[in-house]
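Asker: Got a structure for you, questions after.
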Amino acid sequence: MTATTPTTVPTATADPTVLHAPVIDWFDKNARDLPWRRPDANAWGVMVSEFMLQQTPVSRVLPVYEEWLKRWPRPADLAAEAPGEAVRAWGRLGYPRRALRLHNAAAAIAERHGGDVPTDHHQLLALPGVGEYTAAAVASFAYGQRHAVLDTNVRRVFARAVTGTEFPPNATTAAERKLARMLLPEEPRTAARWAAATMELGALLCTARTPACGRCPIADLCAWRRAGSPAHAGPPRRTQTYAGTDRQVRGKLLAVLREATAPVPRLLLDRVWGDPEQRARALNGLVGDGLVERLPDGRYRLPGAG
DNA sequence: AAATCGTGGTA
DNA sequence: TTACCAAGATT
């Protein structure tokens, strides 16, 4: 009579909770052994990993993460350093403003939260560099709380398994948030497990380019597969250009300053890019962002760092 | 709310 | 080789 009749073939669209057991079971057997998932990882470690993993692959984060926590095992340790040291230690992870924000977040934690990463979702959201995803991730992974964790992996898994499209919308929508909340298991620990499991599924099997449906634990429940794996129909996904942009120039300038052991003369920075106008714009932008400091003598360095 | 912000691996 | 893609946040 209705779609919920017991004889109906289960689909993730009709009853998304059928996904819970197979996905979590798959995660139990296939989860990567990542340092921020180990029992000795604390909330600070989880938070550091989340900052570094914003738009940066796991493989490149791993070595920097280890060094970072060895050097600054607690938020107060980082807060006590010059921000430029954080920028330097960030290395080539990209988007170096994250390093600055992590430093600022550590300072806020030291001042406002007694040195401990806050457990409250709202307090997490108030920290610099912590947005919707990161707040939910820290609350969930570090503290076992029940939050919808919507990253690019989870959004893609839900788009395929439940919605039946190859890719999610360009920007996170209210419908996606609602779906993620509906899918969240009731038990907080199970919800946290589910969050990590769906992310891992998206990262390892349900990938953007060539999903490994043959090994996917929910392939037979997947709405996208059931529809015949139709090609992406929506608006083209935004793609970023890089060559020739201010971003590239900023990267080159910052690379020089990261390697330098003393303040750098302007002439040395001028060599990284031909166009003087774009070069100046990039350098001024870095100074405005607080990533670079201009000394009274006209030389430049990472902020507060020798 | 669309644009901006790095970097390197991969198909 | 070029284009895509990677645990987003901010303005």
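The values are calculated or read from the model by the stated rules, or taken from the named source; none is laboratory data. Predicted model only: the values in this text are computed from it and were never measured. Virtual Cβ from ideal backbone geometry, glycine too; neighbours counted across all protein chains shown. Please note that ligands, DNA and RNA were not included when accessible areas were found on the heavy atoms of the full protein model with its side chains. Shrake-Rupley method; radii C 1.70, N 1.55, O 1.52, S 1.80 Å.
Asker: Restricting the search to region A:22-33, which residues are open to solvent by 70 Å² or more (accessible area, probe 1.4 Å) and either within 22 Å of residue A:164 (Cβ to Cβ) or outside any helix (DSSP H, G or I) (or both)?
Answerer: Across region A:22-33, the qualifying residues are A:32, A:33.
Asker: Which pairs do you get when a residue that is touching a residue at least 24 places away in the same chain (Cβ under 8 Å), found in region A:101-127, comes within reach of a residue that is open to solvent by 50 Å² or more (accessible area, probe 1.4 Å) and acidic (Asp, Glu), reach meaning Cβ atoms under 8 angstrom, with the pair 6+ apart or on two chains?
Answerer: Taking only residues 6 or more apart or on different chains, the pairs are A:103/A:81; A:109/A:116.
Asker: Where the second residue is open to solvent by 30 Å² or more (accessible area, probe 1.4 Å) and among the aromatic types (Phe, Trp, Tyr) and the first is without any contact (Cβ under 8 Å) to a residue 12 or more places away in the chain and lies in region A:243-263, which pairs have Cβ atoms under 7 Å and are six or more apart or on separate chains?
Answerer: Cβ pairs passing all conditions: A:248/A:242.
Asker: Hey, which of the helices (runs of 4 or more DSSP H) in region A:64-116, taking only ones fully inside, have at least 3 residues that are closer than 21 Å to residue A:135 by Cα, open to solvent by 20 Å² or more (accessible area, probe 1.4 Å) and not basic (Lys, Arg)?
Answerer: Working: elements: A:75-79, A:83-90, A:97-112.
Those helices (runs of 4 or more DSSP H) span A:97-112.
Asker: Looking at (1) part of a loop (DSSP other than H, G, I, E, B); (2) surrounded by 11 or more Cβ atoms within 10 Å (Cβ to Cβ); (3) β-branched (Val, Ile, Thr), find the lone condition where residue A:249 falls short.
Answerer: (1)
Asker: Looking at region A:130-180 only, could you name the residues that are more than 15 Å from DNA strand B (Cβ to nearest atom), β-branched (Val, Ile, Thr) and open to solvent by 50 Å² or more (accessible area, probe 1.4 Å)?
Answerer: A:163, A:165
Asker: Can residue A:14 be described as of a type outside the set (Val, Ile, Thr), surrounded by 12 or more Cβ atoms within 10 Å (Cβ to Cβ) and at pLDDT below 95? Spell out how you get there, then give the answer.
Answerer: Numbers: of a type outside the set (Val, Ile, Thr): yes; surrounded by 12 or more Cβ atoms within 10 Å (Cβ to Cβ): yes; at pLDDT below 95: yes.
The answer is yes for residue A:14.
Asker: Right, here's the next one. Hey, any hits in region A:218-229 for a residue that's over 21 Å from residue A:93 (Cα atoms) and either under 21 Å from the mean Cα position of the chain (by Cα) or within 16 Å of DNA strand C (Cβ to nearest atom) (or both)?
Answerer: Looking only at region A:218-229, we keep the residues that are over 21 Å from residue A:93 (Cα atoms), and these are A:218-229.
Imposing the further condition that a residue be either under 21 Å from the mean Cα position of the chain (by Cα) or within 16 Å of DNA strand C (Cβ to nearest atom) (or both) reduces the set to A:224, A:229.
Within region A:218-229, one or more residues are over 21 Å from residue A:93 (Cα atoms) and either under 21 Å from the mean Cα position of the chain (by Cα) or within 16 Å of DNA strand C (Cβ to nearest atom) (or both).
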